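Peer 1: The following block contains the structure, expressed as structure tokens.
Just so you know, all these numbers are worked out from the coordinates, no wet-lab data involved. Being a predicted model, the structure only gives us computed values, none of them experimental. In this analysis, Cβ positions are derived from the backbone assuming ideal geometry, glycine residues included, and neighbour counts consider all displayed protein chains.
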Amino acid sequence: PRKLQLVKFVCADRGSATIWSLALTFMLLLGGCVAMATGQVAVARQQVSTAMDLAALAGAQTFGQPCDQAQLVAQANGAQLNTCYLDRGDVVVSGTVPAPGVLQQLLGFVGQPLAGIGATARAGQPER
């Protein structure tokens, strides 16, 4: 009788390895998607930060219309210039780049769309 109970117990777990392997595969895929989205956000954040730094520097070195030059430099670097103004001789700019596709899909899936990733920069004439 005891041996029969052991056989029934072992047979009751039949197929559980399949369920566990599917769960592990799903978790690995989810972890990979999160890692990929994190990497893409880091790259986009660096891109917009660099574009705004260059736009502010270009505006600060321009005589005349600094915001026009900042707009050209931001566009050339793949960013959208949102604001540009002069503050006591410094050019202050802010802008965005589109959110990475994977991140838009993940956040859109949960109902939280992301417009873009933004940054702000300030540059002025060197002190004499």
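Peer 1: Assuming R0 = 35 Å, can you tell me the calculated FRET efficiency for the pair Asp90 and Arg45, based on Cβ-Cβ distance, to the nearest 0.05?
Peer 2: Efficiency at R0 = 35 Å is approximately 0.95.
Peer 1: Long-range amide H contacts for Gly78: which residues qualify at under 5 Å (H placed 1.01 Å from N, peptide plane, sequence gap of 5 or more or a different chain)?
Peer 2: none
Peer 1: Would you please classify the overall shape of region 31-128 from the alpha carbon gyration tensor, given that a ≥ b ≥ c denote the square roots of the eigenvalues, rounded means a/c under 1.5, and beyond that prolate means a/b larger than b/c while oblate covers the rest?
Peer 2: Judged from the Cα gyration tensor, region 31-128 comes out prolate (a/c at least 1.5, a/b above b/c).
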